[in-house]
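Have a look at the structure below, then the notes.
The values are calculated or read from the model by the stated rules, or taken from the named source; none is laboratory data. Here the structure is a predicted model, which is why all the values come from computation and not from measurement. Note that each Cβ is placed from the backbone with ideal geometry, even for glycine, and that neighbours are counted across all protein chains shown. Just the protein is used for accessible areas: all its heavy atoms, side chains included, with ligands, DNA and RNA removed. Shrake-Rupley method; radii C 1.70, N 1.55, O 1.52, S 1.80 Å.
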Amino acid sequence: MLKMAGNKSYTIVEYFGGDSGYRCGYCKNDEGNFSHGMWSHTMTVQDYQDLIDRGWRRSGKYVYKPKLNKTCCPQYTIRCHALKFQPSKSHKKVMKKISKFISKGELPKGEDDGEPMDNGMVCEEAGPREPSKVCHSEVKCAAITDIQKELPERADVTEVEKAVADAVATETLGTSRKDPVSVADERTTAAAPKPGMGADPGRPPCRKAKDLRKERRLQKEQIRQADGVSSIVSPTPPAPAQPKLPKALEDFVNESLPENSSHCLEVRLVRSNPPSPQFKASFDASYQVYKLYQMAIHKDPPDKPSESQVRLVPVNFEDPQFTASYQQSVALYARYQMAIHGDDPSECSESEFRRFLCDSPLEVCISFGLLTVSTTPTACICVFSESLSLFFQCLSEKVCLFVSCHREIAFTRQLQKQSPKLSYYYLGFYIHSCPKMRYKGQYRPSDLLCPETYAWVPIEQCLPKLENSRYARFNQDPDAGDARVLKDVGRALVLYKRAVMPYAAYTRKRKGSSDETEVQQYAGLVGQDCAERILLYRS
């Protein structure tokens, strides 16, 4: 780790142009996916936050930015306004079905209702591979010399750590028990309405306003007579009825289960990086849920998968548990890639496994596993084990499961009470040309990142453009440009011979460097803030 006085850390990257196409994980085009790439030796979370807001994502230590105007399936960065999110009708239907199954053991019957989950419940981001001929030069720690200016201090993560600790302390582990009365039954004393007609037969049929007024007058008359009040004397006007507010997300997430519910739902929030005792202790429960899921969804036999295939251990090559199962994990990864993604054996090497699933460049990363357990002897309906990264302004996930998004949005809201910067929930990439990825656009209000100006634009304004063209500029101002572009490439910081210096000083030392075009491209992609803060490695 390269540090200055005051224990200040740098992000160190090597940039690759990425001119060659590679296989697309969405449409399976063999050479249709294009992206810019950087190998990150180390990275601060603030720098990664800024890169995300310019369309970058990471796969292990490889950080990439899709070439949206060239790639076959353009991938647009999407974020949801967690504080303003309201579940849609489809979201509520799915959550109600899940609650009904847990409490009563009833599975949905009949045809699908067209829920967002129909397009694929689990959608993994098909990240790119870094170039095959990558040096990955080893950058050694050294004293910094010939630096031209002091860099701004990175944001302190103490605030985030405290917010997470407070949120974990107040998190309800397990759900409370109540009498077996549904929420709907608690909110009304009237008899259940007769089934109606239309899309929702559970709702009462439409009635004329005249009939409703007549019925209310009759009810008032009956009340007056019961109280012994003459119909001539006008009773005290009743207080105006309060408008019925829609149920909030937290009402669904924290809904209590009846005492005699068929299944038990337990939510645990445990720290996975560094691993906590609770994380290690949850392994048995995690394994049983995973096994039930594989049997119910993928029709695996009871003896598959074995426990060794899902062991949850910290990624540490000095940990005996990790090294004991490492080769088994590598072999399992290779079989999965070849069977599911059609990879060649040469593409499933140990180094590829280590790069994609073991490596992380983030210097400071608060990671959690969010696990929902549904215990039942026959099936499992809601399983997700997420690796969540908490950055300064957002909660970001890499593998997204439909149901887990609701809990993660609720968790973001809870954290925001202690840390106002955590106000967005990033869902990775939105790919309009891939039906399986369109469900992300249903978490409203949400924004897409304009690929040309890097301005956030409401998704409602973006979708009509994406219907006409896979690639689109979202900013409606034709004169708007990139407000954070680095105009003077000489100000970009580089790391050369273990010394930090502006690119202008580097060119003088090299007596006319020939890589100015590449550095200009890099600076334009990362923006002024990152170019003047991240160290671009030069050999």
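Brief remarks follow.
- Each residue, Asn254 and Ala285, gets one label point 7 Å from its Cα in the Cβ direction; the gap between the two is 2.0 nm.
- Between amide H atoms placed 1.01 Å from N, distances below 5 Å from Ser35 occur with Lys67, all of them 5 or more places distant or on a separate chain.
- Between Ser346 and Ser88, residue separation times 0.36 nm minus the direct Cα-Cα distance comes to 88.4 nm.
- Spin-label pair Cys72/Arg470, simplified geometry with 7 Å Cα→Cβ offset, distance in nm: 0.8 nm
- Per-residue accessible area (protein heavy atoms, 1.4 Å probe) orders Glu532, Glu221 as Glu221, Glu532, starting from the largest.
- Residue separation of Ala324 and Asp482 scaled by 0.36 nm, minus their Cα-Cα distance, works out to 51.9 nm of gained length.
- Low-density loop cleavage sites - GluC sites (Glu not before Pro) in the range 430-506, where at most 16 other Cβ are within 10 Å (DSSP): Glu452
- The range 474-490 and the range 33-51 have Cα centres spaced 20 Å apart.
- Between Arg213 and Asp19, residue separation times 0.36 nm minus the direct Cα-Cα distance comes to 62.7 nm.
- Highest average packing first - 22-30, 40-48, Cβ atoms within 10 Å: 40-48, 22-30
- Surface listing: Asp488, Asp479 arranged by accessible area from highest to lowest gives Asp479, Asp488, probe 1.4 Å.
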